[in-house]
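The values are calculated or read from the model by the stated rules, or taken from the named source; none is laboratory data. Here the structure is a predicted model, which means the values were calculated and not measured. Here the Cβ positions follow ideal geometry from the backbone for every residue, glycine too, while neighbour counts run over all protein chains shown. Please note that ligands, DNA and RNA were not included when accessible areas were found on the heavy atoms of the full protein model with its side chains. Shrake-Rupley method; radii C 1.70, N 1.55, O 1.52, S 1.80 Å.
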Amino acid sequence: MTADGAGSLDDRFAAAMGQLLGPDFPPEVALAVSGGGDSMAMLALAHNWTRRWGVALRVVTVDHGLRPESAAEARLVAAECAALGHPHATLRWHWDGRGNVMDAARRARIDLIARWCGSIRHVLFAHTADDVAETFLMRLARGAGVDGLSAMAPARRVGGFTLVRPCLDMGREELRHYARTLRVPWVDDPTNEDPAYDRTRMRRLVALMAAEGLGADTLAAAAGRMRRARRALEARTRDLARAAMDAAAPEGVAGALTFDRGVVEASDRETQVRLVAAALTWTSGAEYRPRGPAVEALVETLLSGGRGTLHGAEAECGRRTIRVWRDFAAVRHVVAAPGPASAWDGRHQIDGAGIEDCEVRALGVDGWAQIPAHLRENPPEGAPPLRIARACPALWRDGALAGFAPMGFGPAHAVRDRRSPFTAFLLSD
């Protein structure tokens, strides 16, 4: 599958793949292909690229079942894959009618692909420069700042695999011209013309703005500069976190992020807000960071010596430290089994001998009361106080507290946090 005049796009795709996955390419990659023009053009580009580099290719289509045509579109992708010699799978999802359908569909797509891809660690998506421009305008309309306006990452970890976007510097029309040249079939999703969707309206707006020099390329470039600025701000926040955590290290306790108040106060407000937002997100395990105005209000409260609850986490400012920990209300009903096969609250793995018949639950006030008085009155170094300890994982057996590692109570067991360290999280996409 080759075409005169298509070489430049092939070369750009190969360069992007080399930058994102090279120089030692994985033996196999997957493609998420919907049947639309962008993804079918990416399938053709990837087919040509894999023939050159010897990388095996598998293709997946998620049929969300939201339109009667979706099943036929999945069959079109399957037929093209059969003609090219690549295995194809169709994954089906049914909306339960709850929440925002577009957001639910996006989450379902990632979850279904994560369960399907097995040992494949890289999945290609056909997001384009036009997608970046449209997203930029959608977020601008919602009052987004630097983070919201920054371009989507060329690669990022989601759901256990790396989502790779090799077409971000390509325009939608470029890709469709490529597909037309190679006679690659595709279908147009009618929702792309439905003004009920934000993206459709922004797509039309981009076309109108192009006459004034504000087309997709210009907007995508602006989003790219925002991304660069965001990375610089994230690095500054990481530096503040390291300095504030190092200064507060002697007063750190299990189950909480602890920052030196003086170090935080000496920083600028933007970095303070970013630090607290990231601490709340890391502590709660939330997918998204809390909204800016709420974080700014909490920062104001903390630096005035107060405390607050936000985004599934609690925070307080003492005379010398600022601490952030998990909100007990968010975990009071969370239950998991000990051992490597399970993680309490999605992050804490508890291992030890003789605890197989236990369950992992939050300590709570009831558990705290069952810790021997001499441990509560003279706790080990670094043990958390009740307000923090109650949201920490503990071992329970037959309704009674069996163990709490930070206090050295119960059978020997260890609590391991599966998350990336906080400072590494600060630079994650």
Problem set entry | Prolate/oblate/rounded label for the range 361-429 (Cα gyration tensor, a/c 1.5) | prolate
For this session: Name the residue, out of Asp24, Asp260, Asp111, whose mean-square fluctuation peaks in a Gaussian network model built on the chain with Cα pairs under 10 Å.
Result: Asp24
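In the range 31-71, carbon and sulfur make up what percent of the accessible area (probe 1.4 Å)? Provide the component values of the computation, followed by the final result.
Details: 700 of 1350 Å².
Answer for the range 31-71: carbon and sulfur cover 52 percent of the accessible area.
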For this session: Among DSSP beta bridges whose residues both lie in the chain, state the antiparallel percentage, nearest 5.
Result: 70
Exercise. Dipole magnitude of the chain about its Cα centre, charges +1 at Lys/Arg Cβ and -1 at Asp/Glu Cβ only, in debye to the nearest 20?
Worked result: 260
For this session: Please figure out what share of the DSSP beta bridges in the range 53-176 is antiparallel and state it in percent, rounded to the nearest 5.
Result: 35
For this session: Quick one: pull the percent of accessible area on the range 365-409 belonging to carbon and sulfur, 1.4 Å probe, ligands and nucleic acids left out.
Result: 49
Seminar exercise, completed: In the neighbourhood of Ser70 defined by beta carbon distances under 12 Å, the net charge of the other residues (Lys, Arg +1; Asp, Glu -1) is -1
Seminar exercise, completed: If unit charges are put on Cβ atoms (+1 for Lys and Arg, -1 for Asp and Glu) and the dipole of the range 276-357 is taken about its Cα centre, the option from Ala341, Val331, Leu310 lying farthest towards the positive end turns out to be Leu310
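Keeping every protein chain present and rolling a 1.4 Å probe, give me the accessible area per residue for the range 1-152 in Å². Write out the running numbers ahead of the final one.
Working: 6940 Å² over 152 residues.
For the range 1-152, the per-residue accessible area is 46 Å².
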Problem set entry | Rounded Å value of the spacing that divides the Cα centres of the range 382-406 and the range 15-87 | 49
For this session: Pick out, from Ala297, Ala232, Ala222, the residue whose Cα sits farthest towards the positive end of the charge dipole of the chain, with +1 on the Cβ of Lys and Arg and -1 on the Cβ of Asp and Glu.
Result: Ala297
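Ignoring ligands, DNA and RNA, please state the percent of accessible area on the range 176-240 from carbon and sulfur, probe 1.4 Å. Could the numbers behind the result be given before it?
On the way: 2110 of 3940 Å².
Carbon-and-sulfur percentage of accessible area, whole number: 54.
Counting Lys and Arg as +1 and Asp and Glu as -1, each charge on the Cβ, what is the dipole of the range 190-276 about the Cα centre in debye, to the nearest 20?
Details: 15 positive and 13 negative charges, 54 e Å.
Computed about the Cα centre, the dipole is about 260 debye.
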For this session: Among Gly285, Ala141, Ala16, pick out the residue whose Cα is farthest towards the positive end of the charge dipole of the chain, where Lys and Arg carry +1 and Asp and Glu carry -1 on C-beta, about the Cα centre.
Result: Gly285
Exercise. Can you give me the Cα centroid spacing of the range 133-150 and the range 244-297 in angstrom?
Worked result: 24
Exercise. Assigning unit charges at the beta carbon (Lys, Arg +1; Asp, Glu -1) and nothing else, what dipole magnitude in debye, to the nearest 20, does the range 178-334 show about its Cα centre?
Worked result: 300
